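One structure is given here, and the rest of the page talks about it.
The values are calculated or read from the model by the stated rules, or taken from the named source; none is laboratory data. Remember, it's a predicted structure, so these values are computed and weren't measured experimentally. When we count neighbours, we look across all protein chains shown, and the Cβ atoms used for this are built from the backbone with ideal geometry, even at glycine.
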Amino acid sequence: MERVKTRAIVARRADYSESNCMLTLFAEGLGVISASVYGIKSNKSRMRAASQPLCFAEFVLIKGKGDIYRAESAEIIETFYPISEDVKKLALAGYFLEVIGDSFSAEDPQSLTLLLNTIYALSYKDIDCAVAKAVFELKIMQYSGYEPNLETCIRCGKAENLISFDFVGGTLCRDCSTHFAAGLLPDVKEAMRYILKSDIKRIFSFILPEPAKASLSEICEKYILSKSEKHYKSLEYYKKIM
């Protein structure tokens with residue numbers, strides 16, 4: 001039997017019998033995988049705590065048929081417990097998991113790092129949900145190959161008077177702007193530039209006034225939806241409870 005040790009976050013858990021469950025894991029070096037856990041409801045189970053959604057742990061997995069693994073053991077690294085006490089933050093984390101499930105692969109460790117850092121910030125730092133959401137959306141688009149051009153007009157190439165954002169992929173100048181584009185406040189443009197250029201560990205180290213936060217959140221959300229062409233049920237739920 002082939003044993004694999006990997007760090008992973010639990011994205012979903014589905015119980016399929018009285019004592020067994022199937023986990024969806026985002027695992028370093030493996031990507032999105034499924035892992036079965038036996039005897040999960042036993043008080044003696046060492047996997048019980050590590051099988052909760054959002055738990056980040058070092059798993060020992062046994063390779064089975066196809067892409068299915070069996071989780072033999074797990075050592076918890078972080079549970080992000082505080083997030084479970086805030087319904088809005090928990091819903092937002094669910095949205096992040098759904099998004100990364102579409103984009104995460106074994107060759108893309110940055111996305112997992114982004115996910116972990118964003119959930120950590122929501123759990124332990126005084127961070128606005130709208131800002132966390134915008135940062136995650138814009139950065140995951142960058143990692144997916146859809147980094148927007150914020151330096152010049154995407155139509156004429158001018159670097160001056162960039163006043164709007166076209167969801168095709170970047171800024172428009174005053175002469176090229178259309179009513180289909182979103183107005184781009186100077187503070188929002190600079191925040192987006194900062195997010196794209198910053199290291200993940202410093203990605204939340206910027207300040208925005210309240211109106212700019214809402215604008216940043218709206219632009220980044222529309223951008224990820226336009227590029228992914230997905231309907232995220234978790235996003236719909238998050239917005240419903242806001």
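Structure summary
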read-out: Single match in 107, 28, 58 (criterion: more than 29 Å from residue 145 (Cβ to Cβ) and either touching a Cys at 6+ places or on another chain (Cβ under 6 Å) or of a type in the set (D, E, K, R) (or both)); value: 58
read-out: The stretch 156-168, subset without any contact (Cβ under 8 Å) to a residue 24 or more places away in the chain and of a type outside the set (Val, Ile, Thr), residue surrounded by the most Cβ atoms within 10 Å (Cβ to Cβ); value: 166
read-out: Condition broken by residue 49, with the remaining ones in (1) modelled with pLDDT under 90; (2) closer than 18 Å to residue 104 by Cβ satisfied; value: (2)
read-out: Whichever residue in the stretch 131-155 is among the small types (Gly, Ala, Ser) and modelled with pLDDT of 95 or more and, among such residues, is surrounded by the fewest Cβ atoms within 10 Å (Cβ to Cβ); value: 132
read-out: Unmet criterion (only one of (1) out of contact with any Phe, Trp or Tyr (no Cβ under 8 Å at 6 or more places or on another chain); (2) surrounded by 14 or more Cβ atoms within 10 Å (Cβ to Cβ); (3) of a type outside the set (Asp, Glu); (4) in contact (Cβ under 8 Å) with a residue 12 or more places away in the chain) for residue 90; value: (4)
read-out: Qualifying position, being surrounded by fewer than 21 Cβ atoms within 10 Å (Cβ to Cβ) and within 26 Å of residue 228 (Cα to Cα), among 24, 118, 79; value: 24
read-out: Where residue 84 falls short, out of the listed (1) in contact (Cβ under 8 Å) with a residue 12 or more places away in the chain; (2) more than 16 Å from residue 116 (Cα to Cα); (3) not hydrophobic (A, V, I, L, M, F, W, C); value: (2)
read-out: Members of the stretch 178-210 found to be assigned to a loop (DSSP other than H, G, I, E, B) and loosely packed, with under 14 Cβ neighbours inside 10 Å, listed by number; value: 178, 179, 180, 199, 205, 207, 209
read-out: Cβ-Cβ under 6 Å pairs, at least 6 apart or on other chains, the stretch 8-34 side over 19 Å from residue 107 (Cβ atoms), far side at pLDDT below 95 and among the acidic types (Asp, Glu); value: 21/15
read-out: The stretch 53-81 residues that are free of Cβ contacts under 8 Å to residues at least 40 places away in the same chain, paired with ones that are of a type in the set (Lys, Arg) (beta carbon under 7 Å, 6 or more apart); value: 64/70; 73/46
